[in-house]
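Throughout, read-outs are computed from the coordinates displayed, never taken from laboratory work. From a predicted model like this one, the values you see are computed outputs, not experimental measurements. Here the Cβ positions follow ideal geometry from the backbone for every residue, glycine too, while neighbour counts run over all protein chains shown.
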Amino acid sequence: MQLNDRECVAFLQWCLPHLQMTWNGFRKVRRQVCKRIKRRLVYLDIKSLNSYQQYLMDTPSEWLALDNMMRINISRFYRDKGVFSNIVDWVFPDLVQQFSGQTDKFCCWSIGCGSGEEVFSILILWEEFLKRNPSIGISLNVIGTSTDPSTLERARQGVYSMGSIKEIPQKTVNSAFIKENDEFRIKIGYKQKATFLLQDIRKKMLPGTFHIIFCRNLIFTYFDTILQEKLLNKLLKQLLPGGFLIIGKHECLPGGISSLQKLSSCIFKKLKD
Ligand SMILES: C[S@@+](CC[C@H](N)C(=O)[O-])C[C@H]1O[C@@H](n2cnc3c(N)ncnc32)[C@H](O)[C@@H]1O
């Protein structure tokens with residue numbers, strides 16, 4: 001069956017608002033979404049997007065299948081390197097200064113954690129930070145959540161291709177991974193500090209509070225403004241005063257948030273009351 005870009009774009013512009021998502025976020029990644037939609041049409045034996053549109057209107061359960069087709073899983077270790085440098089230079093020392101003597105464990109949440117690349121990036125950097133600052137007796141635990149069972153399984157396995165780890169300095173690759181043929185397995189010590197959970201951020205929050213929340217390349221890229229505002233307000237309740245919210249390089253927070261201090265375009269600190 002034929003599905004050209006123009007038709008697919010028009011379809012996405014129609015359906016995304018129904019899913020509380022925004023076309024802008026999908027502009028660059030639409031080809032992979034269009035491919036999935038085309039496969040779905042073949043599977044359902046539906047001949048055109050107009051007919052699929054009608055099918056969606058007649059079949060409420062199909063919206064869930066469409067929602068799943070909108071999941072973008074692109075990630076890599078140290079994605080947007082500068083952000084991770086700023087975390088090491090500003091966020092880690094600041095947290096240590098604020099919370100030393102009050103806690104022996106920092107908690108971090110990575111929302112939309114891909115295959116664990118962000119989770120293990122932060123754990124690797126914390127380990128290196130501890131090596132340079134051996135008197136800090138604080139461990140870091142990271143929870144990664146996502147709606148994609150297969151990428152979560154990959155995260156639990158912790159095995160990556162060269163392409164995923166290409167931003168990591170070779171010395172760190174040698175110390176944090178075990179090479180297995182053409183792939184790289186994250187060492188067990190990091191795995192023990194990482195937990196991966198299947199969870200839809202639109203439906204459920206994690207219990208507890210966090211020193212760092214990563215929310216990159218999900219809510220503030222793909223969801224519409226109303227949903228962004230609603231979720232941000234919920235997230236802020238789970239960020240400890242003095243804790244840090246990290247967003248993606250190409251993202252902005254919805255306006256009107258007075259409880260955050262902007263340290264860079266991607267790093268925000270929650271003010272104390
Ligand atoms: C583009 S990736 C971003 C990965 C990583 N945060 C990064 O910036 O490299 C988006 C991630 O969000 C997950 N995701 C999509 N919809 C979600 C939802 N409603 N709740 C939680 N995770 C979701 C995807 O499965 C994927 O892991």
P(r) of the chain over all Cα-Cα pairs, binned every 10 Å from zero, in whole percent: 6, 27, 32, 22, 10, 3, 0
Ordering of 90-97, 57-64 by burial proxy (mean other Cβ atoms within 10 Å per residue, highest first): 90-97, 57-64
Peptide ranges 253-265, 70-82 listed from the most packed, as the mean C-beta count within 10 angstrom indicates: 70-82, 253-265
Formal net charge of residues neighbouring Thr147 (Cβ-Cβ distance under 10 Å; K, R +1; D, E -1): 0
Listed peptides 230-240, 111-121 by packing density, highest first (mean Cβ within 10 Å): 111-121, 230-240
Nearby lysines by direct alpha-carbon distance to Lys28 (threshold 22 angstrom, same-chain neighbours under 8 apart not counted): Lys38, Lys81, Lys249
Cα-based equivalent ellipsoid of the range 79-157: semi-axis lengths in Å, sorted from largest, via gyration tensor: 25, 14, 11
Value at 222 nm in deg cm²/dmol, rounded to 500, when DSSP H runs of n ≥ 4 in the chain each add -39,500 (n - 2.57): -12000 deg cm²/dmol
Helical segments meeting 24 Å axial Cα length and Kyte-Doolittle -1.0 threshold in the chain (DSSP H): none
Rounded if a/c under 1.5, otherwise prolate or oblate - the range 129-244, Cα gyration tensor axes: oblate
Over 17 Å [Cα-Cα, the range 5-69], rounded percent: 32 percent
